[in-house]
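Scroll down for the structure; my scribbles are underneath it.
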Protein chains: 2
Amino acid sequence: MAMPPRKRGPRRSVDRSTVLDAALALVDSGGLQALTMRSLAAEVGLTPGALYTYFPDRAAIVSALVDALLAEADTSVLATAWPWQERITTFALGLRDVLLRHPGIVPALLGDAFRGPVALTVGERLLDALADAGLPPDEAARASYGVMVYVLGAIALEAAEIPPGAPAAPEDVRIAERRAALGHLDPSAHPRTHAAADTIAAYVSTDQFRWGLNRMLTGLRR
Amino acid sequence: MAMPPRKRGPRRSVDRSTVLDAALALVDSGGLQALTMRSLAAEVGLTPGALYTYFPDRAAIVSALVDALLAEADTSVLATAWPWQERITTFALGLRDVLLRHPGIVPALLGDAFRGPVALTVGERLLDALADAGLPPDEAARASYGVMVYVLGAIALEAAEIPPGAPAAPEDVRIAERRAALGHLDPSAHPRTHAAADTIAAYVSTDQFRWGLNRMLTGLRR
DNA sequence: ACCTGAACACCGTTCAAGT
DNA sequence: ACCTGAACACCGTTCAAGT
């Protein structure tokens, strides 16, 4: 029975990944602003100052969190022998899945992230896929950025509508809420918006995400 | 000489727009985090608590700032008789111009904004343009979101690379800096990235913004 | 209505001191 | 190396009291 002396909180043995796990839990349950050095320290059973043993500052924790989450997306699909559109679409859907399960860190993702190590390999694999699409290197690179802009933009807009703290309502509920909000609209002031309310409510659907990505890919292939 | 009694700071007479002007100046000169109730109060010559006469809380100030900036973009081009692609492209370039002049508030724009009054009219006008493109209402709506995703995504990624506080280096300088950073890259680990470094460095150019938008519009018209 | 002064309940970060 | 306890310099927000 050689249990290490367990004091106070839920601490067992602390290292960087323990801290990151606790940080993610805090962000998931209260948004980015719920991640404070004090709440995080309490979560792992430490004093706030002790966290500086593992990370230089709060920003480094957020960055590490972003990169860890990015790494959770399955990049291997980009390296399969599937048709290039399917590779890109499947990866994008997977990334969206991961990030919408943790909507609280998405603002940070756009803020400081797409230059981390994971982003680099995603970029390289994207260039592979677009080369397979028959695009010359220069055009493949431009197209690659087009894909990233669309994917990250769509995820950011969707994540922004998910209130922090809750575990993200299912898609149909989120769409229904948007549809209800669009009901309180002056039809004469915004006739086209009013007429297309059902479609607009479904902007945050997987179907719309796919549709838009497909159109983008179509345009990129020229 | 009936000057009102001028005390202390740069105060003359304070109202909501005075506060917003000062808030924007703070964000421009130090990013969103430089906008504190205390710094803002000092800027307009008030006590922090007095700001709550004009806005319910800090978040309301940020939201009002976003909407004011959005309103600065010229939406009238969307209502011209120009070809639909030109209307959308010109508006998008104008929006990008406005927002990249104030990169500090862009995170807030994506965070809470595209449902303000300005966003509504932009959406309606976008539907006009896409109807003129010959798209049926449902498809025009989906396409409209595609355009917003691309435009906001591109602006967000660009703004994220502009360090706060500085007045945003000119485009060629930003590209040169990216090019230099890409020089410190292992060519064998990321061969395609290395080979396309010049193009990748220029991701943040007006030219790339236009190119990607053009491809998106091409895809949307099918 | 508008504003001050002061307080309350927080922050991130640093640092001597201990183990 | 890792951690505590305490401090420093901040935050947003509230509220009695004044005009």
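None of the figures in this text is laboratory data; all of them are computed from the coordinates on show. Please read these numbers as outputs of a predicted model, since none were measured by experiment. Reconstructed Cβ throughout: ideal geometry from the backbone, glycine too, with neighbour counts over all protein chains shown.
Descriptive notes on the structure:
- Only Cα sites of the range A:1-141 enter the Debye sum here, all with the same form factor; the resulting log10 I(q)/I(0) across q = 0.14, 0.17, 0.20, 0.21 1/Å is -0.73, -0.92, -1.12, -1.19, listed in q order.
- Helix-only [θ]222 nm of chain B, DSSP H runs n ≥ 4, -39500 (n - 2.57) each, per residue, nearest 500: -20000 deg cm²/dmol
- Shielding of peptide B:128-138 by partners, expressed as the average count of other chain Cβ atoms within 10 Å per residue Cβ, is 1.
- Under the Debye formula (equal points on every Cα, no solvent term), log10 I(q)/I(0) of the range A:86-195 at q = 0.09, 0.12, 0.15 Å⁻¹: -0.35, -0.57, -0.79
- Principal semi-axes in Å for the range A:105-151 [√(5λ), Cα gyration tensor, largest first]: 22, 11, 7
- The value obtained for the range B:51-99, namely the Cα convex hull volume divided by the number of residues, is 74 Å³ per residue.
- Highest mean first, the peptides A:20-27, B:56-63 sorted by other C-beta atoms within 10 Å per residue fall in the order A:20-27, B:56-63.
- For the range A:177-222, average projected area of the Cα convex hull in nm²: 3.9 nm²
- Compactness ratio for the range B:78-138: Cα radius of gyration over 2.2 N^0.38 Å (N = residue count) comes to 1.25.
- Normalised convex hull volume, the protein assembly as shown, alpha-carbon set, Å³ per residue: 198 Å³
- Across A:67, A:186, A:128, mean-square fluctuation computed from a Gaussian network of chain A (C-alpha pairs under 10 Å connected) peaks at A:186.
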